[in-house]
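S.K.: I have a structure here, written as structure tokens, and I will follow up with some questions on it.
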Amino acid sequence: MIIDKISEAKKYFGVHPSFEKAFKALEAIDDNTPNDRIGVDGDNIFINLSDYTNKNVDDCLFESHKKYIDIQFVLKGSEIIDVCDADNLTYTDNRLETDDIAFFENTDIFSSAYLEEGMFLVLFPGEAHRPCVAPDGKGVKVRKAVAKIIL
């Protein structure tokens with residue numbers, strides 16, 4: 001897990017060969033960019049851009065991936081993303097082989113990352129994360145881009 005401001009993204013270009021291209025694509029998103037899947041490098045790097053109202057923690061699920069690294073970048077609003085080791089969780093829906101996503105029962109053992117506008121969180125395969133959690137349990141409108149990078 002890496003958490004930082006998008007203005008500091010260049011510090012992480014060397015972590016993975018595709019990080020520079022992914023971070024530059026995230027930085028290019030503006031208010032006129034439509035919500036959709038944004039192609040960057042085929043299925044190797046793409047971005048899912050969306051607007052939503054985040055939820056109470058009880059309405060959010062832990063998930064993880066096997067094939068893709070996530071860079072979750074908050075453009076507007078704020079949210080909490082809880083993170084823990086997926087190896088310690090119980091599957092509720094395992095679609096890792098077909099859709100590169102698994103969902104898990106919630107746990108009380110996790111770390112929380114608070115993201116506000118301009119911040120990102122990098123999540124590697126095996127790092128279960130519970131996104132879309134509303135700060136203080138009160139829904140906030142969020143615009144978020146999630147870059148998906150093949151491992």
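The values are calculated or read from the model by the stated rules, or taken from the named source; none is laboratory data. Computed from a prediction, not measured in an experiment: that's the story for all the values here. For neighbour counting, all protein chains shown are included, and Cβ atoms are generated from backbone atoms with ideal geometry for every residue, glycine included. Quick note on the areas: whole protein, heavy atoms, side chains included, nothing else; ligands and nucleic acids left out. Shrake-Rupley method; radii C 1.70, N 1.55, O 1.52, S 1.80 Å.
S.K.: Keeping every protein chain present and rolling a 1.4 Å probe, give me the accessible area per residue for region 30-77 in Å².
M.R.: I get 52 Å² per residue for this part.
S.K.: Mind giving me the nanometre distance, one decimal, between the label points for residue 93 and residue 5, set 7 Å out from Cα along Cα→Cβ?
M.R.: The answer from the label model is 3.7 nm.
S.K.: Quick one: Cα centre-to-centre distance for region 120-147 and region 17-89, in angstrom?
M.R.: 8
S.K.: A further question follows. By what distance, in whole Å, do the Cα atoms of the chain stretch along each of the three principal axes, largest value first?
M.R.: 36, 34, 27
S.K.: Considering only protein heavy atoms and a probe of 1.4 Å, how much of the accessible area of the chain is carbon and sulfur, as a whole percent?
M.R.: 47
S.K.: Any idea how many Lys pairs in the chain come in under 16 angstrom at the alpha carbon, given 8 or more places apart or on separate chains?
M.R.: 19
S.K.: Another one. Taking the simple approach of a point 7 Å from Cα along Cα-to-Cβ for both residue 20 and residue 33, what is their distance in nm?
M.R.: So the label points at residue 20 and residue 33 sit 1.9 nm apart.
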